[in-house]
Structure formats: structure tokens, C-alpha cells
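Asks: I'd like to ask you about the structure that follows.
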Amino acid sequence: MKMLAAGRVLALGGVFLLLWGAGQSDQGTGVISLSCPFPKPPQLPKSDSFQPRAPVGSHWTYEGAQGPEFWKKDYPHCGQESQSPINIDTEVVTFAPSLKDIQLAGYRKPNISSFSLSNNGHTVQLDLPSSMCIASLSSRYSAAQLHFHWGNDTARTGSEHRVNGMGAPAEMHVVHYNSEKYPNAKEAMREEDGLVVLGILLEVGDKNNPAYENILSHLESVAFAGQQVTIPSFDVQSLLPTELGKYFTYSGSLTTPPCYQSVHWIIFHQRVRLSLSQVGPLISAKLCKHC
Ligand SMILES: [Zn+2]
């Protein structure tokens, strides 16, 4: 079973205030060494998984009788009005010159030697250490995990967000939680100011993207739901666009059950390119145990 976002992409209505940020930086142009600017929260029991680690064969799917149109039966938040993903209509976006470049700390050299990569039955997920954070927001938002959404093929239908109706073959989400107020992403996901997710649309290009090999070369080990593998640490920022100053931002929701409306979305304007041979294994990953 593959990840299909079709049907969950909502037309942009009056519910969302979409802002467009471009290029305001107060850091100059030199080499910058950033650190997460707020003290660490008290050490509490830690759970970096924001998506419920549903048992294999779980209660919702992207197709069929448990598909998106039926999610609200078991997950009432999925029927609320500020649901993500959306189609970003640039005709109705408001330019916000006060928005700053997105600045990241701890991404280049995560302070752990290895990551956990897993297939949880809904997506392929890489757990991230809380020492990684977004350093340019008014609160500290620490990283929890990143994961992928994709479609049945390399057509531009696998991404969740679209811009002027144009999707992409896949989309990566880097999930952060408000670590000043909440002990982990699982707690934060229920709160209005709980999560910030970076969204990156992934296109097919001519060249291999070496940064993504850090993950994609291990996909065979998590080809089936329930599998997990430990992979060497790497520069996570290399997965992101080089231009972090142009993005769309709005308040929305988790794109999967329980659909809590707790996500401040940052969707980068610049898309990242992977080769066809790299995207292939991603869309071939199985999200059920007995496919
Ligand atoms: Zn996602």
C-alpha cells in the first residue's frame, strides 16, 4: 500500500492565514554557528514519536473503507476546518516582510552517532535528537523525527501540499515540538502551539542526491512495516533546500489521524531534487506487513 494524499488536499479557504516569507535575515551572510537559544527543558520521560506507533495493520489507511474520508468517524479532529494538507494558492498569499530566514541549529552535526530508521506501517521515519532545533522562532522547537509521503508512481501526486495545484512525487516532513512547554512531541501534538513542521517537496531530477543516500541506501532494511534499522549519523541539513528564506507558512493540522490542529507549517518554496533511481525505492516501500 502506498501513501496517497489525493482527496486530502483542501482548497484554500478563509480558515487559513497563509504568509509568504522571503529573505529577511538578521544574521548577515557570513558563516554562522547557531545553537538552540533556550535552555533545555527538564529531563522527563522522552518519546520522540509524534505519530502513534500504530500496530501493523492499524486503524486507518490512505485508501478504501478506512481511507481519509472516513477518518473523522474514529478521529473527530479530522473533521475540523483547519485541516492540512492544503493547496497553496499564491494569488491569496500575503507577503510578510517581517518573517525571518529559517535558521537551524544542530542539524549539520547531530550530537549522536546513529539514528533509528523505521517503517511504522504508515511511513518511513527517522528519529531525530532534541539537540537539533529551529533557532529563529520565538520559542524553542526541537526536532523529533522526519518522515516521507509518496504516491504510487513518480507522477506529481505523491506530495501532500501543492502550490497552485502542482504537487510533487514525494514530500518530506521534519517534525519539531515546543520543547520550552512540553516534554516531547507526543504531548505537544495536542496543543495549539505544540508543533512546527518543515515541509519539503521532492522532485525527480537528473542527478543522484548524495544527501538522501544516507537514508535511501537503508530502505531495503525497512521495506516492510514493523522493521527498524540503526544507521550512521549524518548532516541532516543537507536534506533541506539551500534557500531557507523563502517559504509559505500557515496554521493547520497533522495530516494523518488523529489530525490535531496543532501544526504551524513551514513549506519551503525551493524544491529538492532526487534522481529517478532514488525515488523508485521510496515508492516501493511497503506499508503493510503482508503486501
Ligand atoms: Zn507527514
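Just so you know, all these numbers are worked out from the coordinates, no wet-lab data involved. Just so we're clear, the structure is a prediction, and the values are computed from it rather than from any experiment. Every residue, glycine as well, gets a Cβ built from its backbone with ideal geometry; the counts of neighbours run over all protein chains shown.
Asks: Using a 10 Å cut-off around each Cβ, can you sort E171, E63 from fewest to most neighbouring Cβ atoms?
Replies: E63, E171
Asks: Under a point spin-label approximation (7 Å from Cα along Cα-to-Cβ), what is the K109-N152 distance to one decimal in nm?
Replies: 4.7
Asks: Here's something else I'd like to know. Counting only DSSP beta bridges with both residues in region 152-288, what percent are antiparallel, rounded to the nearest 5?
Replies: 60
Asks: 5 Å is the cut-off here: which amide hydrogens, built 1.01 Å from N in the peptide plane, fall below it relative to S253, excluding neighbours closer than 5 in sequence?
Replies: Close amide H contacts, sequence-distant or interchain: S84, V263.
Asks: Ranked by Cβ crowding within 10 angstrom, fewest neighbours first, how are V197, V204, V92 ordered?
Replies: If I rank by nearby Cβ atoms, fewest first, I get V92, V204, V197.
Asks: With θ set to phi - 60° and the Karplus curve 6.51 cos²θ - 1.76 cosθ + 1.60, what are the ³J(HN,Hα) couplings of region 166-181 in order, to the nearest whole Hz, using x for Gly and Pro?
Replies: 9, x, 8, x, 7, 8, 10, 10, 10, 8, 10, 10, 6, 7, 7, 10
Asks: Additional query: Please give me, ordered by residue number, the GluC sites (Glu not before Pro) of region 191-291 that lie in loop per DSSP and have at most 15 other Cβ atoms within 10 Å.
Replies: Counting only loop positions with at most 15 other Cβ atoms within 10 Å, the GluC sites (Glu not before Pro) in region 191-291 are E191, E192, E243.
Asks: Scan around G121 for amide H atoms under 5 Å from its own, H built in the peptide plane at 1.01 Å from N, and keep only partners 5 or more places away or cross-chain.
Replies: The answer is G226.
Asks: A further question follows. So which GluC sites (Glu not before Pro) in region 65-163 pass both tests, a DSSP loop state and at most 14 other Cβ atoms within 10 Å of the Cβ?
Replies: In loop regions of region 65-163 (DSSP not H, G, I, E or B), the sparsely surrounded GluC sites (Glu not before Pro) are E81, E91.
Asks: Sort T123, T242 by Cβ crowding within 10 Å, fewest neighbours at the top.
Replies: Result, fewest neighbours first: T242, T123.
Asks: Based on DSSP, what percent of beta bridges with both residues in region 61-284 are antiparallel, to the nearest 5?
Replies: 80
Asks: By how many nm would the segment from E63 to E243 grow when fully extended, if each residue of separation counts as 0.36 nm and the alpha-carbon distance is taken off?
Replies: 61.3 nm
Asks: Right, something else. Evaluate E = 1/(1 + (r/R0)^6) for L276 and S233, where r is the Cβ-Cβ distance and R0 equals 30 Å; express this FRET efficiency to the nearest 0.05.
Replies: Efficiency for this residue pair is about 0.65.
Asks: Follow-up question, since we're still on this one. In sequence order, what are the phi-derived ³J(HN,Hα) couplings for region 226-243 according to the Karplus relation 6.51 cos²θ - 1.76 cosθ + 1.60 with θ = phi - 60°, rounded to whole Hz, with x for glycine and proline?
Replies: Running phi through 6.51 cos²θ - 1.76 cosθ + 1.60 with θ = phi - 60° gives x, 7, 9, 9, 9, 10, x, 5, 7, 6, 6, 5, 5, 7, 8, x, 6, 9 Hz.
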